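The values are calculated or read from the model by the stated rules, or taken from the named source; none is laboratory data. As the structure is a prediction and not an experimental result, all values here were calculated from the model. Please note: Cβ atoms are built from the backbone with ideal geometry, for glycine as well, and neighbour counts cover all protein chains shown. Ligands, DNA and RNA are stripped out before the accessible areas are found, and what is left, the full protein with its side chains, is counted by its heavy atoms. Shrake-Rupley method; radii C 1.70, N 1.55, O 1.52, S 1.80 Å.
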Amino acid sequence: MSDHPTHAVAAEVPRLEDKTIQPIPADERHGKARDLFTIWFGSNIMIMTIVTGGLATTVFGLSFVPAIVGIIIGNLVGGIFMALHSAQGPQLGVAQMIQTRGQFGSYGALLIVVIVVVMYVGFFAANLVFGGEALAAVNPGISVDAGIIVIGVVSVVATIFGYRLIHAYARILSIAAGLALVLAFVWILAVQGLPASFLDQGNFNWVGFMGTISVSALWQLAYAPYVSDYSRYMPQGTGSAPAFWASYSGCVLGTLFPMILGALVGTFALTLINDGSNVEIVGSLGALLKPWTMAVIGIFCLGVAASNAMNLYCGVLCTLTIGQTFRPNWLPRAKTRSVAAIIIFTFALMIALFARDNFIFFYQNFLFFLMYVLVPWTAINLVDYYLLRHGDYRVEDFFQRDGGVYGRFNWVAIGAYVAGALIQIPFSATAVYTGPLAAAMDGVDLSWIVGLVVVAPLYYFAARMFRKTPDAAPFRPPTPAADLIDAPRA
């Protein structure tokens, strides 16, 4: 199927996407694996990635060298899980959270889907705040609140048009934002030059180092619940290996260098002020880039809008998945997606406007919360897909009222998920709570590593022992949803 002429197939796909959570039929499959590189590379070069990298040197107190080592390790490790999920999309042709019904059951999957919706809203709100602050920093005529609204409106428009526009937007950003990133590094390193005491700023500490690794890995893991949403239109013959490497290289490279830039800016700013003051990464970056501030940060703000369009798009798919669980004959279309996008945008906008003054504290703890709830899910999903079922699922059963062969609840998966969340608590270390084992290690947080190491074998052996695993039917490319279910459309 991968040998089909891409342009001929793509011509049959409407520019305003009319699919939501339905399986993508063969005659609407299009694209190549390289499209997965650009969507993850271009969309990650943005303000929030830079701010996240800056946590290593400003919040975690690391000196520059350990900071970039932690950033590299976290992204290289976390990207593996992200890319393994992305490779599932071309094979199954459905959104990631629909596929989760194959592991947790039709109703059991709701536990994960609701958590993921919270994640999308949180990331959307964070992007709005950081993007609004960046727009205000480069253009004093724009207030932070106005910048938040501008970023949000652009994101909503892209979400309404859907899959193809988001992919096209990311392709353009891969070039524009990539060049802006190179310019930022060259200007700061070659023109500004590093202060003599640059490498002496900060120190090495295990809490900060592990925190940096965790935050960097979590950045990649947070994509796991929706990477298949951006590969599900690709021909089934795209192949798992090309999809994996395109997604992995795009997301790791697109994240790694902006995070290193953030750590660089944070260290640079701390070296200059040298008085313990809090560093505002966006403002410091703008000060360092003059006279390129408006051009570079303006392009990074376009990246914010692209990333937010992806968050909103996937948040809408998850919200519709919740509704379709209780009304299996309902297959929403473009109009419903548009209405849902506006509702979710409004909710996230309210969070951004009311919480923006202390947002970095909220954001840091939000990231750790995501780590605790996403790690067990990603372990279960990957073990089930690659080790137990080897990619063979009855896609049509995902849409059955009773869950088909997967049932309403898979208690083995649900039990493993709950166990995975609980096992992390003693190892967790946040501003809200520090577990006894983390306290014994002076605040070093190993929770996500423990979660992965425990949940993956636990689910594998429990599923083989207790769960009835029906032989999956030979895979057939998904047929149009109208043929699967006699469904009203919205």
Requiring at least 1 residues that are aromatic (Phe, Trp, Tyr), touching a residue at least 60 places away in the same chain (Cβ under 8 Å) and under 30 Å from Lys290 (Cβ atoms), the helices (runs of 4 or more DSSP H) wholly within the range 71-145 are 110-138
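Can you confirm whether Ile351 is farther than 30 Å from Ala431 by Cα and either surrounded by 24 or more Cβ atoms within 10 Å (Cβ to Cβ) or touching a residue at least 40 places away in the same chain (Cβ under 8 Å) (or both)? If you could, list the steps in order and put the result at the bottom.
Values: farther than 30 Å from Ala431 by Cα: no; either surrounded by 24 or more Cβ atoms within 10 Å (Cβ to Cβ) or touching a residue at least 40 places away in the same chain (Cβ under 8 Å) (or both): yes.
So Ile351 does not fit the description; no.
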Those residues of the range 427-445 which are open to solvent by less than 70 Å² (accessible area, probe 1.4 Å), farther than 13 Å from Trp206 by Cα and not in a loop (DSSP other than H, G, I, E, B) amount to Phe427, Thr434
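Find the helices (runs of 4 or more DSSP H) located wholly in the range 191-289 whose residues include 2 or more that are over 26 Å from the mean Cα position of the chain (by Cα), and list them. Give the derivation first.
Details: elements: 206-221, 240-273, 281-289.
So the answer is 240-273, 281-289.
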Of the listed residues (Val154, Val182), the one being crowded, with 16+ Cβ neighbours inside 10 Å and part of a helix (DSSP H, G or I) is Val154
Exactly one of Phe257, Phe209 is open to solvent by 10 Å² or more (accessible area, probe 1.4 Å), more than 30 Å from Pro23 (Cα to Cα), in contact with a Pro (Cβ under 7 Å, 6 or more places away or on another chain) and at pLDDT 90 or above, and that residue is Phe209
Result of the Cβ filter at 6 Å on the range 191-206, keeping first residues that are under 10 Å from Thr267 (Cα atoms) and among the charged types (D, E, K, R) and partners that are at pLDDT below 85 and open to solvent by 100 Å² or more (accessible area, probe 1.4 Å), at least 6 apart or interchain, is none
Would you confirm, using the coordinates I've provided, whether Ala83 is out of contact with any Leu (no Cβ under 6 Å at 6 or more places or on another chain), of a type outside the set (Ser, Thr, Tyr) and open to solvent by less than 10 Å² (accessible area, probe 1.4 Å)? yes
Of Ile160, Ile188, the only residue that is modelled with pLDDT of 90 or more, farther than 24 Å from Ala246 by Cα, part of a helix (DSSP H, G or I) and hydrophobic (A, V, I, L, M, F, W, C) is Ile188
Q.
Within the range 245-257, does at least one residue satisfy the condition of being more than 21 Å from Ile188 (Cβ to Cβ), out of contact with any Phe, Trp or Tyr (no Cβ under 9 Å at 6 or more places or on another chain) and not small (Gly, Ala, Ser)?
A. no
Selection from the range 280-291 of residues open to solvent by 20 Å² or more (accessible area, probe 1.4 Å) and in contact with a helix residue (DSSP H, G or I) (Cβ under 6 Å, 6 or more places away or on another chain) yields Gly283, Ser284
Within the range 59-70, the count of residues that are assigned to a helix (DSSP H, G or I), surrounded by 23 or more Cβ atoms within 10 Å (Cβ to Cβ) and of a type in the set (A, V, I, L, M) comes to 1
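Would you confirm, using the coordinates I've provided, whether Ala126 is aliphatic (A, V, I, L, M), at pLDDT 90 or above and crowded, with 24+ Cβ neighbours inside 10 Å? If you could, list the steps in order and put the result at the bottom.
Working: aliphatic (A, V, I, L, M): yes; at pLDDT 90 or above: no; crowded, with 24+ Cβ neighbours inside 10 Å: yes.
It is false that Ala126 is aliphatic (A, V, I, L, M), at pLDDT 90 or above and crowded, with 24+ Cβ neighbours inside 10 Å.
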* Do we find that Leu367 is at pLDDT 90 or above and hydrophobic (A, V, I, L, M, F, W, C) in this structure? -> no
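Condition check: more than 25 Å from Leu374 (Cα to Cα) and at pLDDT 90 or above. Does Ser2 satisfy that? Steps first, answer last, please.
Values: more than 25 Å from Leu374 (Cα to Cα): yes; at pLDDT 90 or above: no.
Answer is no for this residue.
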Query raised in the report: Hey, any hits in the range 132-143 for a residue that's surrounded by 18 or more Cβ atoms within 10 Å (Cβ to Cβ), modelled with pLDDT under 85 and not aliphatic (A, V, I, L, M)?
Result: yes
(1) among the polar types (S, T, N, Q); (2) closer than 21 Å to Ala158 by Cβ; (3) buried (at least 20 other Cβ atoms within 10 Å of the Cβ); (4) out of contact with any helix residue (DSSP H, G or I) (no Cβ under 7 Å at 6 or more places or on another chain) all hold for Thr319 apart from (4)
Inside the range 31-58, the number of residues satisfying the requirement of being within 18 Å of Ser247 (Cα to Cα) and either part of a helix (DSSP H, G or I) or in contact with a His (Cβ under 8 Å, 6 or more places away or on another chain) (or both) is 13
